[in-house]
1. Any idea which of (1) away from the ligand (no atom under 16 Å from the Cβ); (2) assigned to a loop (DSSP other than H, G, I, E, B) is the one residue 183 doesn't satisfy?
2. Counting just the residues of the range 225-243 that are open to solvent by less than 40 Å² (accessible area, probe 1.4 Å) and away from the ligand (no atom under 16 Å from the Cβ), which one comes out nearest to the chain's Cα centre (by Cα)?
3. Any idea which of 95, 85 is at pLDDT 95 or above, open to solvent by less than 20 Å² (accessible area, probe 1.4 Å) and within 16 Å of the ligand (Cβ to nearest atom)?
4. Select from the range 203-222 the residues that are of a type outside the set (Asp, Glu) and more than 10 Å from the ligand (Cβ to nearest atom) and list them in ascending order.
5. Residue 55 versus (1) open to solvent by 70 Å² or more (accessible area, probe 1.4 Å); (2) in a helix (DSSP H, G or I); (3) more than 16 Å from the ligand (Cβ to nearest atom): which is the lone unmet condition?
6. Which number in (1) open to solvent by 30 Å² or more (accessible area, probe 1.4 Å); (2) in contact with a helix residue (DSSP H, G or I) (Cβ under 7 Å, 6 or more places away or on another chain); (3) farther than 20 Å from residue 117 by Cα marks the one condition that residue 253 misses?
Amino acid sequence: MNALTPITVSRRADFPGVGAWAYLDSAATAQKPQAVIDAIAAAYGSEYATVHRGVYARSATMTERFEAARNTAARFINAASANEIVFVRGATEAINLVAQTWGMNLKAGDRILLTRLEHHSNIVPWQLLRDRTGIEIDVATLTADHRIDEAALEAMLTPAHKLVAVAHVSNVLGSVADIARIARAAHAVGAKLLVDGCQAVPRMGVDVQALGADFYAFSGHKLYGPTGIGVLWTRGDVLSAMPPWQGGGSMIETVTFEKTTYAPAPTRFEAGTPHIVGAVGLAAAMDYVSAIGLDTIDAHERHLAGLARAELRKVNSLRLFGPEDSSGIVSFAMEGVHPHDIGTILDEEGVAIRAGHHCAQPLMEALGVPATARASFGVYSDESDVERLLRGIARVKRIFG
Ligand code: PMP
């Protein structure tokens, strides 16, 4: 490897889970900074109590923390109001919520438009909705370098389309969609836009108002926060018109056996005791990345991904996927070697990557492979991780001749 330009930022020391590991699986789930671990420990320890119901002081304080987390989430993506933030289990639940509430207004003959690079969690909920309502699903094609083809997508849109649902950043390729352009096109035919922001929020600044989206979904655990918590942001006028989802405690105003009335959004969509500690931990994670700066993180990851791409390209019989200007996710395949074997050999070198279809089987079909090997970066990644990846790949080459 040639002399390397200095790294912009690496926060490895903040992450007790990383240590000497070359952890290159952040797109699956990110390691947690000590600040998040501490916030979770305190929330389950000396601060712990239920929210929204208790009349005692500790519960009132925890309720404030929980609602403060909602405010933090709203600021993090520049939502117009914290009332537009619904806490969910993660992106999967967020998209299912939209499909099962807003989506139930759709009827046979209505269409929705997805793209070929979507994660299964932005495909299957719409198929379930299709089975219930008789809607049609269209799939926008990709460019030759496998990014969303915005021009082709625009050409496919008709007044029958009620929703466009796209990934902001591909979890396989790191490619970044032009969401503002897609929003304009969707709105021009009267369709709403749902954005799966799972891979965008950890690696670039997101402003839902500037993007012009109607729904924006993401998971906390990819953003250095806890598992089991995520956010569905919905534009206020759209959210307040959506029917309730799950029924139970907290989401009601009054209940009688004859008639139940529902709380306003977002409470209406948060039945039952929420993931209190998850929300507190997620807010700590948002504070953590905001203090570093999303632009800094974006530049850092692009630097490492660019370096990895440049070096991997020199390995003959290795095929790189995705556009050159991708964010911090790099997918590749090696002729005659199954990605699982790449992953296993790299693991022996202390390098963790992901190998498989990445819950994006239609994209694998478009790439013409059953699976890829994927290296994905985070704030704790540095150039030594790229070097170790390349040493591991050299060993794969030696073993497979
Ligand atoms: N969308 C994308 C782009 C993802 O990368 C993932 C997680 N791999 C999801 C959706 C689903 O997220 P979760 O499993 O946390 O619900």
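The values are calculated or read from the model by the stated rules, or taken from the named source; none is laboratory data. Keep in mind that this is a model prediction, so the values were computed, not measured. Glycine gets a Cβ as well: all are built from the backbone with ideal geometry, and neighbour counts include every protein chain shown. Note: accessible area is taken over every heavy atom of the protein model, side chains too, but ligands, DNA and RNA are not part of it. Shrake-Rupley method; radii C 1.70, N 1.55, O 1.52, S 1.80 Å.
1. All conditions are met except number (2).
2. Going residue by residue through the range 225-243, those that are open to solvent by less than 40 Å² (accessible area, probe 1.4 Å) are 225-226, 228-234, 236, 238-239, 242.
From the residues that got through so far, the ones that are away from the ligand (no atom under 16 Å from the Cβ) too are 234, 236, 238-239, 242.
Numbers: 234: 16, 236: 21, 238: 22, 239: 20, 242: 23 Å.
Looking at the filtered set, the residue picked out is 234.
3. Working: 85 fails: within 16 Å of the ligand (Cβ to nearest atom).
One residue alone meets the criteria, 95.
4. Kept after step one, since they are of a type outside the set (Asp, Glu), are these residues of the range 203-222: 203-206, 208-213, 215-222.
Of everything in the range 203-222, those that are of a type outside the set (Asp, Glu) and more than 10 Å from the ligand (Cβ to nearest atom) turn out to be 203, 204, 205, 206, 208, 209, 210, 211, 212, 213, 215, 216.
5. (2)
6. Exception for residue 253: condition (2).
Let's see how each residue does on (1) touching a Ser or Thr at 6+ places or on another chain (Cβ under 6 Å); (2) touching a residue at least 60 places away in the same chain (Cβ under 8 Å); (3) of a type in the set (A, V, I, L, M); (4) open to solvent by less than 10 Å² (accessible area, probe 1.4 Å):
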{"residue": "329", "(1), (2), (3), (4)": "yes, yes, yes, yes"}
{"residue": "350", "(1), (2), (3), (4)": "no, yes, no, no"}
{"residue": "354", "(1), (2), (3), (4)": "no, yes, no, no"}
{"residue": "357", "(1), (2), (3), (4)": "no, no, no, no"}
{"residue": "378", "(1), (2), (3), (4)": "yes, yes, no, yes"}
{"residue": "385", "(1), (2), (3), (4)": "no, yes, no, yes"}
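The rows are residues; the columns are (1) within 20 Å of residue 17 (Cα to Cα); (2) modelled with pLDDT under 95; (3) hydrophobic (A, V, I, L, M, F, W, C).
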| position | (1), (2), (3) |
| --- | --- |
| 310 | no, no, yes |
| 361 | no, no, no |
| 367 | no, no, yes |
| 375 | yes, no, yes |
